[in-house]
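Some notes on the structure that comes next.
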Amino acid sequence: MKSFKSLLCGTAMCAAGAAHAVDLEVTHWWTSGGEAAAVAEFAKAFDERTEHTWVDGAIAGSGGVARPIMISRITGGDPMGATQFNHGRQAEELVEAGLMLDLTDVAEAEGWRDIVHPVSLLDSCTIDGRVYCVPVNIHSWQWIWLSHAAFEQAGIPVPTNWDEFVAAAPTLRESGIVPLAMGNQPWQASGAFGVITIALAGPEAWAAVSVDKDAEVAAGPVYAKVFEAAAAAREMRQGSNVQDWNQATNLVITGKAGGQIMGDWAQGEFQVANQMAGTDYSCLPGLGVNEIISTGGDAFYFPKQSDPEVEAAQKELASLMLSKEVQVAFNLKKGSLPVRGDVDLAAANDCMKKGLAILAQGNILPDANQTLSPDTLGQIEDLMTEFWADSSISAADAQERYADIIANAD
Amino acid sequence: MAKIAAIPMILTALCVFVGGTLWTVVYSFTSSKLLPKAKWVGLDQYERLWNTNRWIVSIENLMIYGICSLVFSLVIGFVLAALLDQKIRFENTFRTIILYPFALSFIVTGLVWQWILNPDFGVQNIVRSLGWASFEFDPLYNQDIVIYGILIAGLWQGTGLIMVLMLAGLRGIDQEIWKAARVDGIPTWKTYIFIVIPMMRPVFITTLVLIASGIVRVFDLVVAQTSGGPGIASEVPAKYVYDTMFLRQNLAQGFAASTMMLLAVAIVIIPWAYLEFGSRKRD
């Protein structure tokens with residue numbers, strides 16, 4: 001059967017002539033409306049500008065569902081042409097095991113080091129001086145989304161930073177509005193905690209803990225403030241009994257909740273609901289305290305294949321994903337920021353422009369995915385899930401356990 | 001000849017089951033992350049496992065779920081079977097209705113009960129709309145009782161099968177015994193407890209094994225119903241194993257957890273097997 005298949009493939013290739021078109025399967029977990037439209041931009045560009053064909057391998061569910069499938073295919077000897085992972089350490093061991101294609105020659109020929117901005121994204125793709133992935137976008141966690149309708153109903157002005165928001169919470173509560181919307185998915189709790197940390201403890205303390213894994217800082221007074229704030233936020237979220245993040249966003253859109261701490265992907269939900277930034281909702285980067293963007297997002301990896309023609313097609317796709325036009329087309333649909341500073345996003349909305357401005361100023365931090373291993377992040381996620389759901393856990397207890405995780409982080 | 005025919009089966013069992021199990025145990029002493037690597041770290045993984053709050057909560061949940069599930073499955077299953085055995089009308093219909101949930105997967109069961117137990121759509125809402133406005137029944141949103149919400153769904157799905165097995169066991173009891181008991185003037189309930197149940201020992205052992213294996217591998221029900229929440233209140237060991245191995249890219253930690261699960265099963269099975277088979281030899 002297999003030889004028959006390869007025979008067929010061989011015939012197909014002969015038919016295509018000297019061009020040697022390759023069907024390249026690309027796996028990713030972008031399945032919601034905006035996401036699918038964005039990934040279609042990649043497919044279109046690849047089909048039109050090269051003689052190869054994009055074979056879409058979307059995996060429904062979240063990254064948590066898709067990643068084990070992708071990894072088992074790569075380690076199981078059935079590699080796809082290209083696959084999505086988040087910026088950071090998710091594919092680290094696959095690279096170390098020699099299962100990923102080395103893209104260094106493409107990167108050097110096109111000068112990726114000069115065009116990728118911030119360059120830390122390329123560093124995340126680089127292991128021992130070799131480049132193994134293409135960053136395609138930047139998604140930042142550092143936002144709070146505020147509902148103008150909710151604050152109007154409570155008769156108070158829309159806050160401009162976290163402290164004002166906390167002060168407004170009791171008034172919101174009296175008007176029957178949940179101050180802070182948050183779904184029950186584990187990653188939401190730990191993500192929101194990260195945002196509060198960067199806003200209140202500042203980037204230096206955050207970097208000491210999340211980059212240098214300094215457990216003393218994590219157990220120290222600066223972080224104690226963060227845990228107190230998180231405990232207060234835990235009270236503010238009481239009553240938002242929803243599961244998914246977009247249901248929580250919907251509470252903000254409909255004015256049933258005052259605000260939500262969520263990454264910039266929430267923007268898509270406001271757009272779908274025909275809301276305008278500035279009039280229907282506000283967005284505060286870094287909770288309005290420390291205006292900063294964390295550079296999480298997505299990157300594409302190219303699992304190693306034995307066929308040199310496939311390899312050539314993989315490299316073509318890699319360079320295409322980083323090209324100016326594709327970056328603009330993709331990121332506008334996705335609502336994320338481009339990974340190169342030299343493209344023009346005139347069509348971006350207000351919130352995206354705020355993000356771009358911060359990016360241009362260079363107020364950036366790496367994403368926790370880039371600095372901590374999935375294992376450590378998982379432990380933090382467990383702790384946060386427990387902490388946010390159970391008000392009997394004191395801030396001090398949670399901090400102690402957090403410091404313990406950081407001390408043992410790898 | 002029969003032995004030759006059994007060779008492939010024996011080889012498969014040895015390589016896949018025994019080999020796989022040994023491999024898992026061995027690699028639980030390493031620091032393997034995404035890929036298995038033979039870098040030994042001794043008992044570190046076990047130390048971390050037993051210092052992890054989530055694992056402890058998982059074990060507690062499994063104990064509660066296990067004991068309740070065992071007792072209630074057997075009791076409800078037997079009572080239903082005894083009731084059906086009273087030569088009632090429409091026995092087939094009842095049997096089908098009660099067995100039917102077993103045809104559903106745990107995922108479907110979990111989703112169905114997630115809706116039934118949802119305070120805004122399910123039981124609580126219905127009772128409230130009947131006029132009892134203060135009625136509260138939201139097990140899936142209450143950390144203290146969430147595991148019982150899962151237990152209800154598990155019982156609903158599983159008792160049908162137990163009942164059918166019990167019914168078959170009851171049908172296997174010779175009618176002469178019933179007649180003899182009646183002649184001696186023994187009340188029906190006494191006949192059941194002191195004569196029929198001891199005679200049904202093999203059926204009970206079969207059901208016990210089925211229920212026990214269902215308890216240890218409870219996973220999909222939790223994933224579908226609560227995905228471990230609220231907080232970590234309904235986590236179970238199998239979910240911990242899955243999450244650490246596949247989501248958190250920490251194979252060795254997952255192996256350590258699954259080795260502990262194996263050990264727990266072994267602690268229960270080995271003394272029982274010893275009693276069961278050891279005594280038979282002495283006869």
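Bear in mind that the values in this text are calculations on the coordinates, not laboratory data. Everything numeric in this text was worked out from a predicted model, so none of it was measured. Note: ideal-geometry Cβ built from the backbone for every residue, glycine included; neighbour counts use all protein chains shown.
Work out the charge dipole of the protein assembly as shown with +1 on the Cβ of Lys and Arg and -1 on the Cβ of Asp and Glu about the Cα centre, then indicate which of A:I198, A:A229, B:L74 is farthest towards its positive end.
With unit charges placed on the Cβ atoms, the residue in question is B:L74.
Checking the table B:K33/B:K239; A:K324/B:K33; A:K304/B:K239; A:K324/A:K354; A:K304/B:K33; A:K213/B:K39 against a 25 Å threshold on Cα-Cα, which pairs fail?
On the way: B:K33/B:K239 18 Å; A:K324/B:K33 37 Å; A:K304/B:K239 32 Å; A:K324/A:K354 21 Å; A:K304/B:K33 21 Å; A:K213/B:K39 23 Å.
With Cα atoms farther than 25 Å apart: A:K324/B:K33; A:K304/B:K239.
For Cα pairs less than 8 Å apart in space and 6+ apart in sequence, what is the mean separation divided by the residue count of region B:54-282, i.e. the relative contact order in percent?
About 30 percent, as a whole number.
Given a cut-off of under 8 Å on Cα pairs at least six residues apart, what relative contact order in percent is computed for chain A?
Values: 695 pairs, mean separation 108.2, N = 410.
For chain A, the relative contact order is 26 percent.
Calculate the radius of gyration of the Cα atoms of chain A to one decimal place, then report Dmax, the largest Cα-Cα distance, as a whole number, both in Å.
Looking at chain A, its Cα Rg and Dmax stand at 22.4, 73 Å.
Say each of A:I69 and B:I107 gets a label point 7 Å from the Cα, pointing the same way as Cα to Cβ; how far apart are those two points in nm?
Result for the modelled spin labels: 1.1 nm.
Pop a pseudo-label 7 angstrom from the Cα along the beta-carbon direction at both B:F121 and A:T53 and give the gap in nm to one decimal.
About 4.1 nm separates the two model spin labels.
Would you list B:L210, B:L49 from fewest to most Cβ contacts within 10 Å?
Exposure proxy ranking, most exposed first: B:L210, B:L49.
How much mean residue ellipticity at 222 nm does chain A get from its helices, if each DSSP H run of length 4 or more adds -39500 (n - 2.57) and you divide by all residues, to the nearest 500 deg cm²/dmol?
The per-residue figure over chain A is -16000 deg cm²/dmol.
Nothing charged except the Cβ atoms of Lys and Arg (+1) and of Asp and Glu (-1): what's the magnitude of the dipole of region B:54-282 about its Cα centre? Round to the nearest 20 debye.
That gives region B:54-282 a dipole magnitude of about 760 debye.
Along its principal axes, what span do the Cα atoms of region A:112-193 show, with the longest given first and each in whole Å?
Here the spans come out as 57, 27, 19 Å, largest first.
Place +1 on the Cβ of every Lys and Arg and -1 on the Cβ of every Asp and Glu in region B:54-282, take the dipole about the Cα centre, and give the residue among B:I197, B:N92, B:I162 whose Cα lies farthest towards its positive end.
B:I197
In degrees between 0 and 90, to the nearest 10, how far off the longest principal axis of chain A does helix A:63-75 point, with axes built from Cα atoms?
30
Sort B:M63, B:M9 so the one with the fewest other Cβ atoms within 10 Å of its own Cβ comes first. Could you put the intermediate results ahead of the total?
Details: B:M63 13, B:M9 9.
Ranking B:M63, B:M9 by Cβ neighbours within 10 Å, fewest first, gives B:M9, B:M63.
What are the semi-axes of the equivalent ellipsoid of region B:81-226, taken as the square roots of 5 times the eigenvalues of the Cα gyration tensor, listed largest first and rounded to whole Å?
Equivalent-ellipsoid dimensions as semi-axes: 36, 19, 14 Å.
Quick one: among B:I269, B:I150, B:I211, which has the greatest mean-square fluctuation in a GNM of chain B with alpha-carbon springs under 10 angstrom?
Maximum fluctuation in the GNM of chain B, among the listed residues, is at B:I269.
Compute a Gaussian network model of chain A, connecting alpha carbons closer than 10 Å, and tell me which residue from A:V166, A:V195, A:V272 fluctuates the most.
The residue with the greatest mean-square fluctuation here is A:V272.
Given the C-alpha centroids of region B:76-121 and region B:5-28, what is the distance between them in whole angstrom?
Their Cα centres are 37 Å away from one another.
Around B:V236, under 12 Å between beta carbons, what's the net of Lys plus Arg minus Asp minus Glu among the other residues?
Its environment carries a net charge of -1.
With no solvent and one point per C-alpha, what does the Debye sum give as log10 I(q)/I(0) for the protein assembly as shown at q = 0.07 Å⁻¹?
Calculated log10 I(q)/I(0) at the listed q: -0.59.
Which percent, nearest 5, of DSSP beta bridges in chain A are antiparallel?
Taking every DSSP beta bridge within chain A, about 60 percent pair in antiparallel fashion.
Among DSSP bridges having both ends in the protein assembly as shown, what percentage is antiparallel? Round to the nearest 5.
Values: 22 of 36 bridges.
If I count the DSSP bridges inside the protein assembly as shown, around 60 percent turn out antiparallel.
Calculate the all-directions average of the projected area of chain B's alpha-carbon convex hull, and give it in nm².
Projected area, direction-averaged: 22.0 nm².
What residues have an amide H closer than 5 Å to that of A:D23, excluding those fewer than 5 places away on the same chain, when H is modeled at 1.01 Å from N in the peptide plane?
Close amide H contacts, sequence-distant or interchain: A:T53.
Which one, B:A224, B:A38, B:A153, has the greatest fluctuation when you compute a Gaussian network model over chain B with C-alpha springs under 10 angstrom?
Comparing B:A224, B:A38, B:A153 in the GNM, the peak value goes to B:A38.
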